[in-house]
Structures are given as structure tokens and as C-alpha cells.
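Participant: Before anything else, here's the structure in question.
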Amino acid sequence: MKSKWYEKKIIVIALLFLFFPVGLYGLWKGSVFNRNTKLGLTILFIFLIITVNFDNKNKQSFKPSPDAQVIQPSKPMDKILSVSDFKYTMDNKPAVSIISCIDKENSTEITLLRSNIKEGYSIDSKRRDKYKILSATATYDGNMYDQSERHDTSLNFTIQSLDQKTKTAVIIYSGKFIDTKSLSKYLYIPPTTLTITGKNFDNLTMLI
């Protein structure tokens, strides 16, 4: 006697992936799985469906406006406002923040791991760094801009030189950030040179 489709494990599992309602029916109708396995598979697939739907909705909610404009600061954000000297971590690892600006109301903040503070270090991050070794935000003209995992954002960062004798560090960075509140504007910061000296150099290179 030919067995029913719901008595075949491969077909039931395939339908759970391809057409969940039918697969769920076959899972509980058939006898090839015991009750605990049926319950476990049901919970697992319901969880997967909820997770996928939530992720899709989340991506849609962060979809940038089709007419999003790109603006550029009127002046270079190349004045060093501060370099952090306190115990701060990123992903539980010592990190340092560099704030550069036009003025106190228009600035960028770049945070990276202290272990990467060395001459020649360079990173090109196309979107928000999922490995948590670099992050950046910007404030310009009253708006907050951020690097994002879901948008066309970027951050290029290079420590060109690090001179312990003269206590001088030269850093070059550029980036493109999105206004995450309105999703209608990008802020583009062209290649900008930062010169860090004196106490700020000590803060940059200190071991915490």
C-alpha cells in the first residue's frame, strides 16, 4: 500500500520550508515524528517565520527616501575638540573617541579600539561595522547623522603617522552618514586631515 505524503519525513520538512501551513498539517497528521519532535519543529518554524517577517519590516522602515539628498559641510571638520582619556570600551575592549569639528555644534565622533592605534592602520567600512572595531556619528546643522547597516553609508579611516617624539598623529578620514530621523539626507564628509598633538596625543596613545 502506497504511503501518504505526510508519512514521508523529507516531504514534510520540505513543505515546512516551502509552504508552512501544509507542512504543519502534514507534521501533525502523520506519525513519522513523535509528539516532542512535532512540538519542537512547530516552535522552531514559527520562530523563524516571526524573525524573518520582523527583519523585513525593520528593513522597510529604514528604507531611505528615494529623493534623499547629499549635503556637505561648508567647512572642513578638522579641528580637534577632544580625544577621550577615560575608561571606555567597545565590545568589552578598550576604545578611544576622537571628536573633530567646525565648531561645537557641528562635529564628528569616531570611536575605534585602542589596540588599533598604530601608524599605518587603515580601515574602509562600507556600512556600520558589525564587528564593533569602528563606529562614527556626526552632528551638522542641528541634525544627527549615523553610519548604518542598511544604508549606503561609509567610513574611511587611516592613521598616516604616529610620532612619539613630537607627540603628533596625523589621521585622514572621510565618510558618508545618513540622517536616521528623516532618512531624507546624507552627510558626506570629504577626505579630511586631523592633526593630533600634545595632551590629545597622550590621550590617543595612552594604555588603559
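Laboratory data are not the source of any read-out in this text; all were calculated from the coordinates shown. These numbers come from a predicted model, not from an experiment. Cβ sites come from the backbone with ideal geometry, for glycine too, and all protein chains shown count toward neighbours.
Participant: Add -39500 (n - 2.57) for each DSSP H run of 4 or more in the chain, then divide by its residues: what number comes out at 222 nm, to the nearest 500 deg cm²/dmol?
Facilitator: Working: 4 runs with 55 residues, N = 208.
The helix contribution divided over the chain gives -8500 deg cm²/dmol.
Participant: Mind checking which of 47, 94, 157 is farthest towards the positive end of the chain's charge dipole, using Cβ charges of +1 (Lys, Arg) and -1 (Asp, Glu) about the Cα centre?
Facilitator: Looking along the dipole axis, the top candidate is 47.
Participant: List nothing, just return the count: lysine pairs in the stretch 5-61, 8 or more apart or interchain, with Cα separation under 25 Å.
Facilitator: Here the count comes out as 5.
Participant: With charges only on Cβ, +1 for K and R and -1 for D and E, what is the dipole size of the stretch 5-61 about its Cα centre, in debye, rounded to 20?
Facilitator: Values: 7 positive and 2 negative charges, 15 e Å.
About 80 debye.
Participant: Compute, for the chain, the length of the dipole vector about the Cα centre, with Cβ point charges of +1 (Lys, Arg) and -1 (Asp, Glu) only. Units Debye, rounded to 20.
Facilitator: My answer is approximately 1300 debye.
Participant: Please identify every one of the trypsin sites (Lys or Arg not before Pro) in the stretch 78-117 that sits in a loop by DSSP and has no more than 10 other beta carbons within 10 Å of its own beta carbon.
Facilitator: Details: sites: 79, 87, 104, 114; in loops: 87, 104.
Of the trypsin sites (Lys or Arg not before Pro), the ones in loops of the stretch 78-117 whose Cβ has at most 10 other Cβ atoms within 10 Å are 87, 104.
Participant: Looking only at the chain, where both bridge partners belong to it, what percent of the DSSP beta bridges are antiparallel (to the nearest 5)?
Facilitator: Roughly 95 percent of the beta bridges in the chain run antiparallel, per DSSP.
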